[in-house]
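J.: Take a look at this one; I'll ask things after.
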Amino acid sequence: MLIKQIHRIGWIIRYLLARVIARKISRVRLKRIRPKKLLVICYGNIYRSPFVAKYLSDQLRSDPTYKIKSAGFIQKKERKSMPEYVEMAKNYGVDLSEHLSTIVNQSLFDWADAIIIMDGKNYKLSLLLDISVSNKLIWLGALSDEISIEILDPYSRSHEEQQQIISQMLRSSDALIQNLKSENSLSK
């Protein structure tokens, strides 16, 4: 029992520390890694990660060296995004009509130069799957100074809350794109 409590306290400390340094470490990792292969993850891979992955793919399509995939931790593959969310995403220029969920796995972690996460749950689940990916984790919300580093899961939230989350994802994704372009232009 005591060992279990110590283990839990260790995770809490690791998570809190990660949140405190997320803004700085995410930017430093982008500069160090200069990623071209991005894995965008969230819990279910039907809301946040497919939205961000599709948005990034569309915005970076002029540079074919970027490869972007998305995945989630729910152990059910080929789930579709909810029809209402697909319509909402379309209003922001993101087409999720063909998206089918993918399950996070070791080969995706190995493939990725950087792993874009949305929240603390993604952080913890990523490290439980493979502790060595900690040096690839980028908190998407940490890249935009004006907002929280946590990008909430839109599942079961109101239409207005989902729109706020989409706006946060767009601002953060634009900040990621700006970081990617500036870092890769410096390396040329």
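J.: Kindly indicate whether any position in the range 37-46 is modelled with pLDDT of 95 or more, out of contact with any Pro (no Cβ under 9 Å at 6 or more places or on another chain), closer than 17 Å to residue 173 by Cα and of a type in the set (Ser, Thr, Tyr).
T.: no
J.: Under 7 Å between Cβ atoms, at least 6 apart or on separate chains: pull out the pairs that start in the range 63-91 with a residue that is at negative phi and end on any residue that is surrounded by fewer than 19 Cβ atoms within 10 Å (Cβ to Cβ) and of a type in the set (Lys, Arg).
T.: 65/36; 66/36; 67/36; 67/37
J.: Quick check on my filter: what residues within the range 137-179 are under 16 Å from the mean Cα position of the chain (by Cα) and hydroxyl-bearing (Ser, Thr, Tyr)?
T.: The answer is 144, 148, 155, 167, 172, 173.
J.: Within 29 Å of residue 65 (Cβ to Cβ) and either surrounded by 20 or more Cβ atoms within 10 Å (Cβ to Cβ) or of a type in the set (A, V, I, L, M, F, W, C) (or both): which single residue out of 151, 165 fits that description?
T.: 151
J.: OK, next. Given (1) closer than 20 Å to residue 167 by Cβ; (2) among the small types (Gly, Ala, Ser); (3) assigned to a loop (DSSP other than H, G, I, E, B), where does residue 49 come up short, assuming only one miss?
T.: Going through the list (1) closer than 20 Å to residue 167 by Cβ; (2) among the small types (Gly, Ala, Ser); (3) assigned to a loop (DSSP other than H, G, I, E, B), residue 49 breaks only (3).
J.: Let me ask something additional. Could you tell me whether the range 92-108 includes any residue that is modelled with pLDDT under 95, out of contact with any Ser or Thr (no Cβ under 9 Å at 6 or more places or on another chain) and either under 16 Å from residue 42 (Cβ atoms) or not in a helix (DSSP H, G or I) (or both)?
T.: Scanning the range 92-108, I find no residue that is modelled with pLDDT under 95, out of contact with any Ser or Thr (no Cβ under 9 Å at 6 or more places or on another chain) and either under 16 Å from residue 42 (Cβ atoms) or not in a helix (DSSP H, G or I) (or both), so the answer is no.
J.: From the list 76, 54, 80, 121, which one is in a helix (DSSP H, G or I), surrounded by fewer than 17 Cβ atoms within 10 Å (Cβ to Cβ) and among the charged types (D, E, K, R)?
T.: On inspection, the qualifying residue turns out to be 121.
J.: Is at least one residue of the range 1-17 surrounded by 11 or more Cβ atoms within 10 Å (Cβ to Cβ) and among the small types (Gly, Ala, Ser)?
T.: No, every residue in the range 1-17 fails to be surrounded by 11 or more Cβ atoms within 10 Å (Cβ to Cβ) and among the small types (Gly, Ala, Ser).
The values are calculated or read from the model by the stated rules, or taken from the named source; none is laboratory data. As the structure is a prediction and not an experimental result, all values here were calculated from the model. Positions of Cβ are backbone-derived with ideal geometry, glycine not excepted, and every protein chain shown enters the neighbour counts.
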